[in-house]
Amino acid sequence: MLMNNNEYIDIINSVKAEIKSAQYKAALSVNHELIMLYYNIGKIINEHKAWGNKFIDNLAADIKLEFPNVKGYSVRNLKYMAKFAETYPDEQFVQQVVAQIPWGQNIVLLDKVNDDTIRRWYVEKTLENGWTRNVLVHQIESDLYTRQALAKKVSNFENRLPSPQSEIAAQTMKDPYVFDFIPFREDMVERDIENALVKDVTKLLLELGTGFAFLGNQYHINVGGDDFYIDLLFYNLNLRAYVVIELKTGDFKPEYAGQLNFYLSAVDGILKKEQDNPSIGLLLCKNKNDLVAEYALKDMSKPIGVSEYKITSDLPDSLINQLPSVEDIQKRIKYDT
């Protein structure tokens, strides 16, 4: 019996998907066992703290003698294991959540986050979004927790979107958004910022969050023979909705919300399919008066959020540390003269 070519391709794709799924589950299982091993070793070390620092030194040396080809049991890593076990006294939380993320990400959280509540939030977000170690470092250093979990978000999502889409949309928002990858200039206009965002769209997508797919900038739509251009257009896979972003270099003005409301109506009428949820608008301004923004959105028919954005003009710490201080320069000038 001759097999239909399309049927065969479907079978191959199905088998490939099963293999990838099994590999992923196996990797998760191995990681889980490793993290729990480190956790249990950490508990043992903490039970014998009274033996002093030499205890960890001797333990590292003896493990190396017994398992010469096994890595991961240096003095430094054993100390991390002890800190890990001390940081998470709730073993059930470690089993169900913390053990699902790699050891490298756990070390980052131990080093960079001191508050238990904030650390748990980053643990869950790392698991939810599959953040790599570098991405997690970036999110912590850009203070994502404050900008997303604690931010006073101005939107009408609750009144314009059904649940749970309204909750997902609200959780997606940040205030402010940090575009620290844009070269800063005092005279920048909207188009300059937009072009810089598109130039490094990978970093833009990272800042926007999980699920965003970039569709274009200055996206052309024609309404009744008139041409209009949307600053940035995205589709969010989690929201199953188009997301329209408009950029403004000055303070928020109520008329901006009206313009964005029109764009959303046009996108819903022209691009939105039956399976899509209502399109969502995000207005990014350099500054905003929360009360003015709340009043402006109150009677808008479309779901809109308003946030500020920041473009960092400061030098990174790594570069600052390499530069001489003012005092050093003054001393050198005095010495040379």
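A compact table of results
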| quantity | calculated |
| --- | --- |
| Flag for residue 280 being over 22 Å from residue 196 (Cα atoms) and either β-branched (Val, Ile, Thr) or at pLDDT 95 or above (or both) | yes |
| Selection within the range 111-142 - within 26 Å of residue 287 (Cβ to Cβ) and open to solvent by less than 30 Å² (accessible area, probe 1.4 Å) | 139, 140, 142 |
| Failed criterion for residue 308 (all others in (1) modelled with pLDDT under 95; (2) part of a strand (DSSP E or B); (3) open to solvent by 30 Å² or more (accessible area, probe 1.4 Å); (4) more than 12 Å from residue 154 (Cβ to Cβ) hold) | (4) |
| In the range 244-263, the residues that are touching a helix residue (DSSP H, G or I) at 6+ places or on another chain (Cβ under 8 Å) and hydrophobic (A, V, I, L, M, F, W, C) | 244, 247, 252, 257 |
| Test: residue in the range 23-31 that is in a helix (DSSP H, G or I) and either at pLDDT 85 or above or in contact with a Phe, Trp or Tyr (Cβ under 8 Å, 6 or more places away or on another chain) (or both) | yes |
| All positions within the range 88-100 that are open to solvent by less than 30 Å² (accessible area, probe 1.4 Å) and either touching a residue at least 60 places away in the same chain (Cβ under 8 Å) or outside any loop (DSSP other than H, G, I, E, B) (or both) | 93, 94, 98, 99 |
| The range 26-58, residues that are more than 19 Å from residue 71 (Cα to Cα), under 27 Å from the mean Cα position of the chain (by Cα) and not small (Gly, Ala, Ser) | 28 |
| Any hit, the range 71-79, residues being among the β-branched types (Val, Ile, Thr) and within 17 Å of residue 111 (Cβ to Cβ) | yes |
| Residue list for the range 265-293, restricted to those being assigned to a loop (DSSP other than H, G, I, E, B) and either without any contact (Cβ under 8 Å) to a residue 60 or more places away in the chain or under 20 Å from residue 247 (Cα atoms) (or both) | 271, 272, 273, 274, 275, 276, 279, 288, 289 |
| Count of residues meeting criterion [in a loop (DSSP other than H, G, I, E, B) and either among the hydrophobic types (A, V, I, L, M, F, W, C) or open to solvent by 40 Å² or more (accessible area, probe 1.4 Å) (or both)] in the range 32-66 | 1 |
| Candidates 228, 184, 252, 212 - the one that is of a type in the set (A, V, I, L, M, F, W, C), on the phi < 0 side of the Ramachandran plot and touching a residue at least 60 places away in the same chain (Cβ under 8 Å) | 184 |
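The values are calculated or read from the model by the stated rules, or taken from the named source; none is laboratory data. Note that this is a predicted model, so its numbers are computed, not measured. Cβ: placed from backbone, ideal geometry, glycine included. Neighbour counts: every protein chain shown. All accessible areas refer to the heavy atoms of the entire protein, side chains included, with ligands and DNA or RNA removed. Shrake-Rupley method; radii C 1.70, N 1.55, O 1.52, S 1.80 Å.
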